[in-house]
Every structure is written in C-alpha cells, then in structure tokens.
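First the structure, in the form of structure tokens, and then the observations on it.
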C-alpha cells in the first residue's frame, strides 16, 4: 500500500511539475530598457501607446515588467552613455526609438535583445543582416524614410500646384537623413521643382534655416522627421507661421501644434506593434529569427485653421483622403 501511495504521489508530482514551473515564470518580473532620442514629452503618443500595447498582451508596468526610461532630450551625443546604463542594469530587452538610439544600443551590446522602432535603412546601417532574417540581436520595425517623405513632396505639390521652390529641413546628426534627402532630390526633380537643402543640428540653428529660406524665396517646406525637431515642434510651427511657409511634416504632433499638414506612419500603431516584439522576446523568441516589419498604416492630417491663416485652399480631393481634418 505504501508503494502504491508513493507511486500516486510521484505521478501527481510529475503531472503538476510543469504547472509549478509555469507559475514560477508567471511570477517573474522582467526588466526592459526604453531608449528614445527625444524627451519624455516630445512625442506623447509614443510611450503611452507602447504601454497600452504591452497591457493588451498582459504586461503591466510595475506588476510583471519594470521599464527603465532613458531620454536623450535631442542630444544624440548622450545616447552611448544612456545605452551603456541600460546594459549595466542587465535589462532583458531594450526598445530603441528611432535610428540614433538603435545604433547606440547595438554598439553597447551584442547579446541583449534590441527592438528598434521606426529605423530607416537598418540593413545599410549594419543593424541587421536582412529584413527577413535579422541574424543578430536586433529586430523590430523599419520604414522607408525616403518613400514616405517623397509622398510628402507629392502632397505638397497637390496642395500648391504652382510651387517651384521647395526646401527640405534635415538633421545631419541623424544617420537616416542622408538617404532620405537623396531620394527627395529625385522626387522633386520629377515634379519639376527646385530643392533647397537646409540643415539644423541644434535648436538654435532653426532660425537661421528659416532666414535662408526667406532669402532664397522658398515657397514651401518639407521637414524630415527627427526627435529634435519633434521636441521643438512649437518653435518650428511658430517659425513657419511667421514666415507664412506652407509646411509638410512627417508626424501629426506638428499638426496638433498648429502645423499645416503631415503625412507619415501612425506612431500609435508603430508602438503597439513594437510591444508585440517585446512580448515574443520575453516569451523566448530570438531577435535573429523575428523578421523586421515595415509599417502599413500611414496618416494624412490637415489643419484647416492653419490653411486659412496662410490663405490656402486645400483641394477637396485631398481633404477627402485625409485621415483627420482639424477645423
């Protein structure tokens, strides 16, 4: 009888062993690093949409995951040190947004999984081997910066059919901008427009960029998305208003701040998809085996109040295609 009882106990122990292991894993608290080149308030949709995406997958901050936030506040030179801090904290995964933080994270560790967000040309920058098979410790979400901003040029032309001189404002400290500018050059030529290249590495260079536009009699402006520009969106929008410059931006935060129009990826959608990568990695998936995705959802947002202030009439065909029209 004792042998039978022992056998029953042993059988039950073996049967419930996997459940015990699962319960132990369920009680584990994971640690994640969040590295962004802007400030905590420069893109309000980003962190909150990311946390919402995590919660939808069962990851609740403070309960089963701890998030260590690091913000460079537009100073790219701070990123290597911030990335090194996250590595020293021995986080389970690093989320890096956008290109400069992804590069800093990759330079800081070859072992901790990295989920990049909104990185242009990750293969050319050496972050991954290919979109289908990243091959290292980096995966996540990439997008065609040049293709997106080329569409912005087309939309500007549709809004202002007679425009001839267009400027593009980029940040040369952002590694993804050089390729975007070269692609926009070709797009502008195909539309019969002259393109003036303007750069700003620091906020105090924005005024001189607009002064150069006024001197060259530029008729419209296209701003390449950059965390420094996003953090300075109120200033950029104010400068565009003062110079009566119709401006196309890459994210809707500028339009919410009073800019004329934006065309680009949905930041909220991007962040939710990034949360899915974190979920897979924390459940055991390897970054090398997770194909890099490119966004499929883009937003066209138009501010009619700003258009009226500039004396512009937005074509009805464009208004009908807009995802949102701000009155």
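The values are calculated or read from the model by the stated rules, or taken from the named source; none is laboratory data. The structure presented is a predicted model; accordingly, all values stated were derived computationally and were not measured. Please note: Cβ atoms are built from the backbone with ideal geometry, for glycine as well, and neighbour counts cover all protein chains shown.
Brief remarks follow.
- Residue list for region 265-280, filter: touching a helix residue (DSSP H, G or I) at 6+ places or on another chain (Cβ under 6 Å) and at pLDDT below 90: 267, 268
- Among the residues of region 212-229, those that are part of a helix (DSSP H, G or I) and closer than 16 Å to residue 249 by Cα comprise 227, 228, 229.
- Output for region 192-211, where each listed residue is in a loop (DSSP other than H, G, I, E, B) and within 23 Å of residue 311 (Cα to Cα): 193
- One residue alone among 174, 137 is in contact (Cβ under 8 Å) with a residue 40 or more places away in the chain, over 30 Å from residue 30 (Cα atoms) and in contact with a helix residue (DSSP H, G or I) (Cβ under 7 Å, 6 or more places away or on another chain), and that residue is 174.
- Count of residues meeting criterion [modelled with pLDDT under 95 and surrounded by 15 or more Cβ atoms within 10 Å (Cβ to Cβ)] in region 118-134: 6
- Residue in region 205-227 that is under 29 Å from residue 116 (Cα atoms), surrounded by fewer than 22 Cβ atoms within 10 Å (Cβ to Cβ) and not assigned by TED's automatic domain parsing to the domain that holds residue 74 present: yes
- Scanning region 295-315 for residues that are surrounded by fewer than 12 Cβ atoms within 10 Å (Cβ to Cβ) and within 21 Å of residue 274 (Cβ to Cβ) yields 296, 297.
- Options 184, 166, 153: the member that is in the same structural domain as residue 307 (by TED's automatic domain parsing), at pLDDT 90 or above and either more than 24 Å from residue 96 (Cβ to Cβ) or assigned to a strand (DSSP E or B) (or both): 166
- Selection from region 46-72 of residues that are within 15 Å of the chain's Cα centre (by Cα) and surrounded by fewer than 17 Cβ atoms within 10 Å (Cβ to Cβ): 48
- Any hit, region 303-313, residues being assigned to a loop (DSSP other than H, G, I, E, B), touching a residue at least 40 places away in the same chain (Cβ under 8 Å), farther than 21 Å from residue 37 by Cα and outside the structural domain of residue 153 (by TED's automatic domain parsing): no
- The set of residues from region 238-272 being buried (at least 19 other Cβ atoms within 10 Å of the Cβ) and assigned to a helix (DSSP H, G or I) comprises 239, 240, 253, 254, 255, 267, 270, 271.
- Hey, residue 119 in contact with a helix residue (DSSP H, G or I) (Cβ under 8 Å, 6 or more places away or on another chain) and in contact (Cβ under 8 Å) with a residue 40 or more places away in the chain or not: yes
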